[in-house]
1. Could you tell me which residue of segment 127-168 is nearest to the chain's Cα centre (by Cα), considering only residues that are over 18 Å from L47 (Cβ atoms) and among the hydroxyl-bearing types (S, T, Y)?
2. Please go through (1) at pLDDT 95 or above; (2) within 20 Å of the chain's Cα centre (by Cα); (3) under 30 Å from H347 (Cα atoms) for A188 and return the number of the only condition it doesn't satisfy.
3. Do we have R390 as at pLDDT 95 or above, surrounded by 21 or more Cβ atoms within 10 Å (Cβ to Cβ) and among the basic types (K, R) here?
4. Tell me the residue from G85, G116, G98 that is in a strand (DSSP E or B) and more than 23 Å from V46 (Cα to Cα), please.
5. Can you name every residue in segment 276-306 that is more than 21 Å from L176 (Cα to Cα), among the hydrophobic types (A, V, I, L, M, F, W, C) and crowded, with 20+ Cβ neighbours inside 10 Å?
6. Could you identify the single residue in A280, A253 that is in contact with an Asp or Glu (Cβ under 6 Å, 6 or more places away or on another chain) and within 16 Å of V48 (Cβ to Cβ)?
7. Hey, can you tell me all the residues within segment 281-333 that are part of a helix (DSSP H, G or I), without any contact (Cβ under 8 Å) to a residue 40 or more places away in the chain and of a type in the set (G, A, S)?
8. Which of the residues that make up segment 378-392 are under 25 Å from A280 (Cα atoms) and touching a helix residue (DSSP H, G or I) at 6+ places or on another chain (Cβ under 7 Å)?
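The values are calculated or read from the model by the stated rules, or taken from the named source; none is laboratory data. Computed from a predicted model, the values in this text were never measured in an experiment. Cβ atoms come from the backbone with ideal geometry, glycine included; neighbour counts cover every protein chain shown.
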Amino acid sequence: MASRRAFLKGSGLALFGVGLMGGIPAFMAEAAARDKVKRLYKRKRVLVCIFQRGAMDGLMAVTPFSDTYLQAARPTLSMQATAGGRTNPLIDLDGRWGLHPGMRAFEPLFKEGRLGIVHGIGSPNTTRYHFDAQDYMESGTPFNKGTASGWLNRAVGLLGHDAATPFTAVSLTSALPRSFYGDHPSLAISNLQDFAIQLKGNPAAANTAARSFEDLYDQTSPGLLHETGKESFEAMKLLQQADIRNYRPAAGAIYPPTPLGNSLRQIAQLIKMDVGLEVAFTESNGWDTHFNQGTDNGIFSRNVADLSNSMAAFWRDLDAWQDDVTVMTMTEFGRTVHQNGTGGTDHGRGSCNFILGNRVDGGKVHGNVPELTVENLEDGRDLPVTTDFRSVFSAVADAHLQISDDKVLFPDWSGKKAAVMKA
């Protein structure tokens, strides 16, 4: 049986599966109140990752609108960058690439050079099963399903210091994502107001961890608690005493009333509170567009509008913290080049991702996308993966968090970093 000391250190004083209307549990709040509140943590650089679950159609999000082969492959889904016709025009980025009109909030960020796009990004593993592809991307080992840790958890371990706060790595999700599984402290917080927190990467503890922690707390000597938990209680006091419910974003930052908008709003709160956050994660669902995908209206348009509006509001909200933050999206794979018979697209290979920050080599569409002739398509049907996702993720982690040990971050990879960040 694990010792009380090991439990406290390993848990980061997190609770697994506790939803509490009153905020921090009474027994923790009482202990925390014994000390004077102070900000223990200096401002840190923060990497925010957004997983678009369901596989985003990168060719509709960022379209090579002059490619006549794509137009022929999508007779009712293709869009143009000129006004007129049955749809609103794409936003012409550079004469070749057009941004979906639902992503108008991205246009100024792209023109300012803060937003970069990588096209043809994906996994070298050719699976088209959602859960396998997500697992491979989040573990960072696309040919090893047995990897116990996630790449973001390994990133936390490579930050160069011990986590003095339970808020070093936080996922604004109801369950801990695969990206955060591992030995280093991380939390899943479904809602800051309720403070529903889950213990890091050990799903087997779901039904017992909360009660066990309180039992251990009751049995622990004040000296041991002081040694292992002082920083955690200090951070929790900051969260407890903040007026989270009445948080006011910076002027002009209007978050969509959606799960993604709410998650990014709470991540902005944590960043501004200086609780030691360094890696944040959240997700956007509903990208599996097999039918009725739509063009400037429909499910895809709603999804890209939510993504871009949420990210743009988050960026505006950060205000003076913008230099400290980089945001990166990811999705497990793309969609087929040809539309199907129900007005949608099926599981494909390459997609695109978005990287937002002042260190990003923005205002560009990076990557290599060939003319979409049949002979250039992967398996004769898909946008080929020409950029391994690990080359992008490692470049962002290196430039923003100064994590350069790729052998630990992505142990089965020996490629080159993508040139997506400023030198």
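1. Among them, the one singled out is Y136.
2. If we test A188 against (1) at pLDDT 95 or above; (2) within 20 Å of the chain's Cα centre (by Cα); (3) under 30 Å from H347 (Cα atoms), just (1) comes out false.
3. Working: at pLDDT 95 or above: yes; surrounded by 21 or more Cβ atoms within 10 Å (Cβ to Cβ): yes; among the basic types (K, R): yes.
In short, yes.
4. Criteria check complete, one pass: G98.
5. Kept after step one, since they are more than 21 Å from L176 (Cα to Cα), are these residues of segment 276-306: 288-306.
Narrowing the set further to residues that are among the hydrophobic types (A, V, I, L, M, F, W, C) leaves 291, 299-300, 304-305.
Once the filter is applied, which keeps residues that are more than 21 Å from L176 (Cα to Cα), among the hydrophobic types (A, V, I, L, M, F, W, C) and crowded, with 20+ Cβ neighbours inside 10 Å, segment 276-306 yields F300, V304.
6. Numbers: A280 fails: in contact with an Asp or Glu (Cβ under 6 Å, 6 or more places away or on another chain).
None of the other options fit; the residue is A253.
7. Matches in segment 281-333: A320 only.
8. Pass one, segment 378-392, residues under 25 Å from A280 (Cα atoms): 387-392.
The answer is F389, and nothing else.
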